[in-house]
Amino acid sequence: MAGPSHFDAIVIGSGFGGAVTAYRLAEAGKSVCILERGKAWAPGSFPRTPAESRAALWDPGGGLHGLIDVWSFRRLFAIVASAVGGGSLIYSNVLLRKDERTFVHEDLRRDGNERWPVSRADLEPHYDEVERHMGATRYPFDVAPYSLTRKTRAMFDAAEAIGAPIELPKLAITFGNPGMSPRPGEPIHEAFPNPYGSPRSACRLCGECNLGCNSGSKNTLDFTYLAEATRLGAELRARCEVRDLAPRAGSGYVVRYVDRSGQVDGEKVDTSSLVHLSITADKVIVAAGALGSTFLLLKNRETLPALSSRLGERCSGNGDLLTFLTGAKERKRGELVARSLEPTRGPVITASIRFDEERLFYLQDAGFPDFVAWLVESAHAGSAISRAARLLYRLGSGWLGIEQSPDVAGAFADLIGACEASTSSLPLLGMGREFPESRLFLDARGYLEHESPPSARSRSRAYYERVRDGARQVADVLGGQLLDTPLWMLGRGVTVHPVGGCAMGRNADEGVVDSFGEVFGHPGLYVADGSVMPGAVGPNPSLTIAALADRFAARMLRA
Ligand SMILES: Cc1cc2nc3c(=O)[nH]c(=O)nc-3n(C[C@H](O)[C@H](O)[C@H](O)COP(=O)(O)OP(=O)(O)OC[C@H]3O[C@@H](n4cnc5c(N)ncnc54)[C@H](O)[C@@H]3O)c2cc1C
Ligand code: SF4
């Protein structure tokens, strides 16, 4: 790719940490190059049909350049993003601040687990700034026709019965234009043309947020920070994957990457044959996500010899625990009937119940798209057989001339049934202060590996039992049952929030970067993403990742 070969700063990765840093540096007049391995996705381009769905996955060697990357380790299954805008394209839009009392200062030499070298007060102005850029807003439940969705109402009922506080978290979604009544699907008025030149419209409540929003209602990083950074002159090189990183003679760093922009989707490629390109910068900001940044630094340990021996440590899945509430019921006119939670209506997450315990945790509704509801119904095919038999009898008797009305729409409606299996189900997403006791490292073949204590020896065992109890309480209040994921039953956690690996600390004995993200022993090299967390964030981590990046960038500009 032609273009300048030296920059004030190179940012590796365009997720929350990378996009915020790139914007702040570009705003200050610095020359910035953002290298992102994934593609840009305009509204309307996100795969939806069964035939397209393979294209949503990331396996470049196999010809797939999709936005979802999946890692399967022995005890952990992790889902992360690969796209311009990183995790913002597939996340559930929740922006929650880390609780003040969880910025703990435990003594790591005396069996402590976490030491946060920043406080909530340090982050407060940065939280405000990020929320403003991301257009964070609460779900407009009090405005018709949005109104409180049934799943949100169910979460409020459960929280009230359990006696736990609940909130409608801020979401980075556009529900309507400023000063006007929010209206699903109305065209969004943008101050500047967006990078795709595509129309965007207000949230249609379709529950597809984790697949990419085809109506452009999510205020993802490509519409916010990255669009602003490029308007200010930052250069965004998509489909460019960084492989190597080394100090440059004199000062600064050399970054080597492969450019896949010429590759055709669907065509397999021998990745070892790709041409490597080099560019240099005074400062390099590694923001490839908790797994990506840790992997990159582990692979480049030889050329970065001063890296802390703590690299790869203090990892966690942010205490994620996914369970399924099924068969919710309610009493109507004295009878116990299925309770419709309408899990497919609304943004994926709308409510967050807080369990204010020693290891604080949260439970959130996790809605799903319509096609998942059809899958749930087809898994309950047994009850459809008798309905199909009734329909056949009804059609057959008409054809045989047995006196019947020829209008059979009602018989087809009977075949579809009430679809109670899907409407009375709701995934519950738990997350919170798991202990950061797992580690990332390279195996003998150079692959990224993850190790954590088996659940019997894990300090987080009681934490996970408590989250499961909390989810069971919610299921009990709503008259349903609680199911685990099959992976959990096999002793494997599932996380969408991996954090840690390049943890902040006061020195290289405690962490990999300082409290401003600069790597110990390598001046001018920074890490700014979920990997810098010295422990679980607690709530969904993106806002804290972005706020820390905003703080790091402010310091870079003063240095
Ligand atoms: C289904 C789902 C729902 C979620 N919901 C929420 C939510 O509601 N709220 C919340 O706070 N969090 C949520 N998350 C988590 C959130 O997406 C992540 O915590 C967040 O994106 C992490 O930000 P980051 O900057 O650390 O990395 P990322 O956002 O993952 O960005 C890293 C970027 O670096 C790129 N990259 C990696 N390696 C390289 C390389 N070698 N060269 C170039 N580029 C590279 C990747 O392609 C990626 O774009 C969710 C995640 C998922 C999967
Ligand atoms: S609910 Fe649908 S329209 Fe609204 S933000 Fe999510 S994907 Fe976009």
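FYI, it's all coordinate maths here, none of it is from the lab. Source: prediction; values computed, not measured. All Cβ positions, even for glycine, are placed from backbone atoms using ideal geometry, and neighbour counts span all protein chains on display.
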- Per-bin percent of Cα-Cα distances, the range 11-88 [10 Å]: 17, 41, 29, 12, 2
- Enumerate by residue number the trypsin sites (Lys or Arg not before Pro) in the range 227-304 meeting two conditions: DSSP loop (anything except H, G, I, E, B), and at most 16 other Cβ atoms within 10 Å of the site's Cβ. Arg248, Lys268, Arg301
- Applying the Karplus parametrisation 6.51 cos²θ - 1.76 cosθ + 1.60 with θ = phi - 60° to the phi angles of the range 108-114, what ³J(HN,Hα) value in whole Hz is obtained for each residue in order, glycine and proline being reported as x? 5, 7, 10, 6, x, 9, 9
- What percentage of all Cα-Cα pairs in the range 466-521 are separated by more than 16 Å? 64 percent
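List Leu311, Leu274 from most exposed to least, where exposure is judged by having the fewest other Cβ atoms within 10 Å. Numbers along the way, then the final one.
Details: Leu311 22, Leu274 17.
The order, fewest Cβ neighbours first, is Leu274, Leu311.
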- Residue-wise HN-Hα coupling along the range 449-454, computed from phi with Karplus coefficients 6.51, -1.76, 1.60 (Hz; x: Gly, Pro): 10, 9, 10, 8, x, x
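What value, in deg cm²/dmol to 500, does the helix sum -39500 (n - 2.57) over DSSP H runs of n ≥ 4 give at 222 nm once divided by the residues of the chain?
Details: 12 runs with 137 residues, N = 559.
Mean residue ellipticity, 222 nm, calculated: -7500 deg cm²/dmol.
For the chain, which span is the longest to avoid every loop-located (per DSSP) member of GluC sites (Glu not before Pro) having at most 16 other Cβ atoms inside 10 Å? Present the calculation step by step, with values, prior to reporting the outcome.
Numbers: sites that count: Glu52, Glu106, Glu190, Glu267, Glu302, Glu357, Glu358, Glu403.
Counting only loop sites that pass the neighbour cut-off, the longest clear stretch is 404-559.
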- So what is the diffusion coefficient of the chain in µm² per second by Stokes-Einstein at 37 °C and 0.692 mPa s, using a Kirkwood Rh over Cα pairs? 133 µm²/s
- Semi-axes of the range 105-175 from the Cα gyration tensor (sqrt of 5 times each eigenvalue, largest first, whole Å) come to 34, 21, 8
- Note on the structure: Semi-axes in Å, largest first, for the range 446-559 (Cα gyration tensor, √(5λ)) are 35, 18, 12
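Exactly which trypsin sites (Lys or Arg not before Pro) in the range 384-472 are in a DSSP loop and have at most 12 other Cβ atoms within 10 Å? Mind dumping the intermediate values first?
Numbers: sites: Arg387, Arg390, Arg394, Arg433, Arg439, Arg445, Arg457, Arg459, Arg461, Arg466, Arg468, Arg472; in loops: Arg433, Arg445, Arg459.
Passing sites in the range 384-472 are Arg445.
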- Treating only the Cβ atoms of Lys and Arg (+1) and Asp and Glu (-1) as charged, compute the dipole magnitude of the range 365-476 about its Cα centre; round to the nearest 20 debye. 440 debye
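Provide Asp244, Asp8 in ascending order of the number of other Cβ atoms located within 10 Å of each residue's Cβ, fewest first. Intermediate results must be reported in sequence, preceding the final value.
Numbers: Asp244 14, Asp8 17.
So the residues, fewest neighbours to most, are Asp244, Asp8.
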- Note on the structure: Counting sequence-distant residues (5 or more places) and residues on other chains, those with an amide H built under 5 Å from that of Gly63 are Val269
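How large is the charge dipole for the chain, taken about the Cα centre, if only the Cβ atoms of Lys, Arg (+1) and Asp, Glu (-1) carry charge, to the nearest 20 debye?
Values: 63 positive and 65 negative charges, 54 e Å.
Value, rounded to 20: 260 debye.
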- Message: Per residue of the range 332-346, what does 6.51 cos²θ - 1.76 cosθ + 1.60 with θ = phi - 60° give for ³J(HN,Hα)? Whole Hz please, x for Gly and Pro, Karplus curve as stated.
- Response: 10, 6, x, 10, 7, 10, 4, 9, 7, 9, 6, x, 8, 9, x
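In µm²/s, what is D for the range 180-327 at 25 °C and 0.890 mPa s, where D = kT/(6 pi eta Rh) by Stokes-Einstein and Rh is the Kirkwood radius from Cα pairs?
Values: Rh = 19.6 Å.
My calculation gives 125 µm²/s for D.
Work out the length of the dipole vector of the range 32-167 about its Cα centre, built from +1 on the beta-carbon of each Lys and Arg and -1 on the beta-carbon of each Asp and Glu, and round it to the nearest 20 debye. Mind dumping the intermediate values first?
Numbers: 18 positive and 19 negative charges, 107 e Å.
Roughly 520 debye for the range 32-167.
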- Query: Which of Leu35, Ser458, Val494 sits closest to the plus end of the dipole of the chain, meaning its Cα is farthest towards the positive end, when Lys and Arg get +1 and Asp and Glu get -1 on the C-beta?
  - Reply: Ser458
- Task: Would you mind checking the radius of gyration and Dmax of the range 372-421 based on alpha-carbon positions, in Å?
- Result: 12.7, 40
- Quarter of the Cα convex hull surface for the range 249-404, i.e. its orientation-mean projected area (nm²): 21.5 nm²
- Task: Starting from one equal scatterer on each C-alpha and no solvent at all, send me the Debye-based log10 I(q)/I(0) for the range 143-220 at q = 0.12, 0.14, 0.15, 0.17 Å⁻¹, two decimals.
- Result: -0.43, -0.56, -0.63, -0.76
- Message: Which log10 I(q)/I(0) values does the range 295-375 give at q = 0.14 Å⁻¹ under the Debye formula, counting every alpha carbon as one identical point scatterer?
- Response: -0.76
